[in-house]
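Colleague: What follows is a single structure, and I will ask about it in a moment.
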């Protein structure tokens, strides 16, 4: 299996597992939705629905695969994602924290922490 397809599968599986485990019991009208655009290498977990009279639409996680690396673009949780992706088979060297400015990435203890 090629690296890109491997990473696509891992990201889709991770997002699907997270979506299933993190269903909001106190908000039954909000669904978790995994968007896996393998053609464009873009992967998201959305929360969408209604909370009372308020419409909810939130990107919880967003990943892109760019030049053979997984770019972690958004995380609105405090969940430690990178370690889980590494355990699933994505090398830490292939994970880029896209939501951190380039100058700050080099300052972190672990680039993909």
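Colleague: Exactly one condition in (1) within 21 Å of residue 21 (Cβ to Cβ); (2) modelled with pLDDT of 95 or more is not met by residue 56; state its number.
Modeller: (2)
Colleague: Among 82, 59, which is the only one that is surrounded by 16 or more Cβ atoms within 10 Å (Cβ to Cβ) and closer than 28 Å to residue 105 by Cα?
Modeller: Only one candidate passes the filter, namely 82.
Colleague: Counting just the residues of the stretch 11-27 that are in a loop (DSSP other than H, G, I, E, B) and touching a strand residue (DSSP E or B) at 6+ places or on another chain (Cβ under 9 Å), which one comes out modelled with the lowest pLDDT?
Modeller: Checked the stretch 11-27; the qualifying residue modelled with the lowest pLDDT is 24.
Colleague: Also, I was wondering about something else. Any residue at all in the stretch 61-70 that's free of Cβ contacts under 8 Å to residues at least 40 places away in the same chain, part of a strand (DSSP E or B), closer than 14 Å to residue 11 by Cβ and over 12 Å from the mean Cα position of the chain (by Cα)?
Modeller: Taking every residue of the stretch 61-70 in turn, at least one turns out to be free of Cβ contacts under 8 Å to residues at least 40 places away in the same chain, part of a strand (DSSP E or B), closer than 14 Å to residue 11 by Cβ and over 12 Å from the mean Cα position of the chain (by Cα).
Colleague: Another question about this same structure. Which members of the stretch 28-42 meet the condition of being within 18 Å of residue 67 (Cα to Cα), in a loop (DSSP other than H, G, I, E, B) and in contact with a strand residue (DSSP E or B) (Cβ under 8 Å, 6 or more places away or on another chain)?
Modeller: 41 - this is the single residue of the stretch 28-42 that is within 18 Å of residue 67 (Cα to Cα), in a loop (DSSP other than H, G, I, E, B) and in contact with a strand residue (DSSP E or B) (Cβ under 8 Å, 6 or more places away or on another chain).
Colleague: May I ask you to verify whether residue 45 is in a strand (DSSP E or B), within 15 Å of the chain's Cα centre (by Cα), at pLDDT 95 or above and surrounded by 13 or more Cβ atoms within 10 Å (Cβ to Cβ)?
Modeller: Yes, satisfied.
The values are calculated or read from the model by the stated rules, or taken from the named source; none is laboratory data. Since this is a predicted model, take the numbers as computed values, not measurements. Counting neighbours? That spans all protein chains shown, and the Cβs are built from the backbone with ideal geometry, glycine included.
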